[in-house]
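K.L.:
Sharing a structure below in C-alpha cells format, with a few things to ask.
Laboratory data are not the source of any read-out in this text; all were calculated from the coordinates shown. Please read all numbers here as calculations on a predicted model, not as lab measurements. Cβ coordinates were reconstructed from backbone atoms using ideal geometry, including for glycine residues, and neighbour counts include every protein chain displayed.
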Ligand SMILES: [Zn+2]
C-alpha cells in the first residue's frame, strides 16, 4: 500500500452523526458500458439495481447536438466533473483531462456544497484516477475531510471497508479505474472477455464494500443512499467522441426515498450530484444551476 493511501484519520467521534442523519455512498466505475455491464457476471451491481432504481440508457457527453454549449468530450475529466458538480461543460468549464479553463469556484464538487451547509461533515474521497482529487478537491483545503489517491482498485475497496468499519463518514466517494484500463487495452465490447472479466472483478470488490455497508446499516440503524454510475462508454479501444457507444451510460441507486424499477430514458450522469445533494441537504437551490430538474430514482411514495 502506498504512503499516499496508508493513513486514515482513524475513528472519530462525530457528535452531529446518528441514524437519522443522511449518509451517501457514491460509486464511480470508470468506462463501464451498460450493455457490457449486463453481459458480465455482476451479482452485486445486479442486486443494487434490483433493490432500487436504475437506468441503462442514461447519458454522458452533455447535449448530443454539436452546437449545444453543454456538449463535452466523453472523457474522464469532463465526465467526473459533471458527475460531481451536477453541471456540464458550459458551466464547469472542463473540456478535457487537463482541466484547464475550469470554473470550479462557481460550480464546486458536491463536497463543497455540503461543507458550506455542514461544516463538521465527514466527506471522504478515494480515487484510483488521481486528477479527480487533485483538480476537484485539493485546490480547496478542507472541502474534503480525507481525499486519497489510490494505486489500485483493491486499495480503494479496502480503504472504503476500513472507513465504514472504523470511522463515521457522511459521504464516501469511490472511484475504480481498472475496467477503463481493460477497455483501452482490449476493447469496450461485450464480445471482449478481458473487458467483461474486469467488470466482474470490480463487482467482486464492490461486493465487499456493500456487504460492509449492510453490516454497518444493521448495527447503527443508518440508512444510506447508494448511487453508482460511470463517466463514459467506449468504442473500439477508446472514447471521447459523441457516438452512442461512448455517450450511453448507466445509473443505479437505492436508499431512502428511492423506489424500484427502470428509468428510461435516463438522465445525464449530472443527476448524481443533484440526487446526493437533495438527500444530504434536503433541497437544491435553483441558484446552483444544476443540469437536472429532479433527483434520480423512482419515488417510492
Ligand atoms: Zn479512458
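K.L.:
How large is the helix-only mean residue ellipticity at 222 nm for the chain, computed as the sum of -39500 (n - 2.57) over DSSP H runs with n ≥ 4, divided by its residue count, in deg cm²/dmol to the nearest 500?
P.N.:
So the calculated ellipticity at 222 nm is -10500 deg cm²/dmol.
K.L.:
Compare the peptides 51-61, 20-30 by average per-residue count of other Cβ atoms within 10 angstrom and give them in order, highest first. Please list the in-between numbers first.
P.N.:
Values: 51-61: 23.5, 20-30: 21.9.
Per-residue Cβ counts within 10 Å, averaged per peptide and sorted highest first, yield 51-61, 20-30.
K.L.:
Cα-based Rg (one decimal) and Dmax (whole number) for the stretch 169-301, in Å?
P.N.:
Expressed in Å, the Cα Rg and Dmax of the stretch 169-301 come to 16.6, 46.
K.L.:
Any idea what diffusion coefficient the stretch 241-301 gets from Stokes-Einstein, in µm²/s, Kirkwood Rh on alpha carbon pairs, 25 °C, 0.890 mPa s? Numbers along the way, then the final one.
P.N.:
On the way: Rh = 12.7 Å.
Result for D is 193 µm²/s.
K.L.:
Eigenvalues of the Cα gyration tensor times 5, then square-rooted: what semi-axes does that give for the stretch 40-112, in whole angstrom, largest first?
P.N.:
Details: eigenvalues 144, 46, 25 Å².
Calculated on Cα positions only, the semi-axes equal 27, 15, 11 Å.
K.L.:
While we're looking at this one, here's another question. Given the convex hull of the Cα atoms of the stretch 219-274, what is a quarter of its surface area in nm²? Please list the in-between numbers first.
P.N.:
Details: hull surface 22.4 nm².
One quarter of the hull surface, i.e. the mean projection, equals 5.6 nm².
K.L.:
Quickly rank 31-42, 191-202 as a protection proxy: mean count of other C-beta atoms within 10 Å, highest first. Don't skip to the end; give the middle numbers.
P.N.:
On the way: 31-42: 21.4, 191-202: 18.7.
Answer by packing, highest mean first, reads 31-42, 191-202.
K.L.:
Taking just the C-alpha trace of the chain, give me its Rg and Dmax in Å.
P.N.:
17.5, 52
K.L.:
Just from the alpha-carbon atoms, what are the Rg and Dmax of the stretch 61-166 in angstroms?
P.N.:
Over the stretch 61-166's Cα set, Rg and Dmax evaluate to 14.7, 49 Å.
K.L.:
In the chain, what % of DSSP beta bridges are antiparallel (nearest 5)?
P.N.:
Details: 11 of 36 bridges.
If I count the DSSP bridges inside the chain, around 30 percent turn out antiparallel.
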